[in-house]
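Q: Please read through the structure below; I'll follow up with questions.
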Amino acid sequence: MAWVAAVARLRARREPGVLVTVATVRGHAPRDPGAKLVVGQNQTWGSIGGGNVEAVAVDRARELIAASKPEPDLIDFALNDKVANRHGVQCCGGTVSILLEPLPVVQAVAIFGLGHVGLELARILARHDLDLYLIDTRSDMLAVERLGALADAVAQVHVRHTPLLPEEVLMELPYGAHVLIMTHDHAEDVALCDAALRTPHLGSVGLIGSAAKWARFRKRLSTEGGHQDAVIDRIKTPIGIADIAGKEPATIAVSVAADLLRAFSRERA
């Protein structure tokens with residue numbers, strides 16, 4: 001498997017990994033500069049030449065995977081029989097530098113409702129390295145020409161048209177996905193809130209709307225949904241940063257995106 005495909009597989013599985021690259025070579029070495037190895041928690045793909053160099057690189061990569069805040073690392077090897085190696089002698093005669101780059105699990109965000117605010121929010125979040133899920137019951141909201149602004153997205157964008165029961169998508173979202181509920185229909189919103197509270201693998205859950213809307217929702221989630229107050233408190237509303245005022249869709253989107261990105265930073269701290 002090519003290293004690019006291996007990195008994509010780790011991302012799809014939401015597993016951390018390390019990309020190992022032969023950075024420089026002087027003299028004789030098993031592989032040329034640019035050779036790559038991808039290391040996962042339990043698997044490896046590719047090769048940087050085998051022997052002590054590769055074995056040490058795999059050991060170090062697994063240490064980075066286990067670290068809370070992994071940083072890139074550069075390891076130098078002298079390939080001669082005078083060097084005491086951890087995994088046997090490798091005496092090609094040259095020297096090699098190996099670069100290890102952590103591949104963290106990226107954040108996942110799901111936006112339910114691609115109206116004016118939802119689309120503006122998607123435009124902002126699409127500029128970040130994350131998995132972005134866009135879900136709407138209305139096909140015209142997800143039309144290719146309408147989502148053209150996301151054509152150059154850095155994020156991996158997943159578009160889902162769900163004419164009925166959009167809440168079923170919640171179970172399909174990756175572990176830890178952050179959910180933002182902002183559909184055009186309050187009945188749809190409350191159904192999503194109820195389902196989100198019954199989906200334990202999700203990250204944060206945010207709901208757009210007024211205090212009056214939330215008071216009605218909270219009562220329904222308690223009386224009809226049977227949720228305890230502590231469970232209902234998982235839902236954050238209003239969403240965004242309170243100090244960023246304004247009702248324009250772009251302003252609301254900036255506020256919500258900033259609050260979400262701040263939460264990501266706190267998770268990494």
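So that you can scan it fast, the table gives a plain yes or no per residue for (1) touching a residue at least 40 places away in the same chain (Cβ under 8 Å); (2) within 21 Å of residue 267 (Cα to Cα):
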{"position": "155", "(1), (2)": "no, yes"}
{"position": "158", "(1), (2)": "no, no"}
{"position": "161", "(1), (2)": "no, no"}
{"position": "169", "(1), (2)": "yes, no"}
{"position": "186", "(1), (2)": "no, no"}
{"position": "199", "(1), (2)": "no, yes"}
{"position": "212", "(1), (2)": "no, no"}
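Q: Listed residues 198, 266; which is under 20 Å from residue 110 (Cβ atoms) and surrounded by fewer than 11 Cβ atoms within 10 Å (Cβ to Cβ)? Can you show your working first?
A: Details: 198 fails: surrounded by fewer than 11 Cβ atoms within 10 Å (Cβ to Cβ).
Being under 20 Å from residue 110 (Cβ atoms) and surrounded by fewer than 11 Cβ atoms within 10 Å (Cβ to Cβ) holds for just one of 198, 266, which is 266.
Q: Can you tell me which residues in segment 135-155 are within 15 Å of residue 120 (Cα to Cα) and in contact with a Pro (Cβ under 8 Å, 6 or more places away or on another chain)?
A: Scanning segment 135-155 gives 135, 136.
Q: To continue, here is another question. With respect to residue 235, is the statement that it is at pLDDT below 95, under 26 Å from the mean Cα position of the chain (by Cα) and closer than 17 Å to residue 260 by Cβ true?
A: Values: at pLDDT below 95: no; under 26 Å from the mean Cα position of the chain (by Cα): yes; closer than 17 Å to residue 260 by Cβ: yes.
Answer is no for this residue.
Q: Next question. Criterion first (assigned to a loop (DSSP other than H, G, I, E, B) and either outside the structural domain of residue 116 (by TED's automatic domain parsing) or over 29 Å from the mean Cα position of the chain (by Cα) (or both)) does residue 203 satisfy it? Step through it out loud before you land on a result.
A: Details: assigned to a loop (DSSP other than H, G, I, E, B): yes; either outside the structural domain of residue 116 (by TED's automatic domain parsing) or over 29 Å from the mean Cα position of the chain (by Cα) (or both): no.
So residue 203 does not fit the description; no.
Q: Please enumerate the residues belonging to segment 26-57 that are in contact (Cβ under 8 Å) with a residue 24 or more places away in the chain and aliphatic (A, V, I, L, M).
A: Hits for segment 26-57 are 29, 37, 38, 39, 48, 53, 55, 56, 57.
The values are calculated or read from the model by the stated rules, or taken from the named source; none is laboratory data. Worth saying up front: this structure is predicted, and the values here are computed from it rather than measured. Counting neighbours? That spans all protein chains shown, and the Cβs are built from the backbone with ideal geometry, glycine included.
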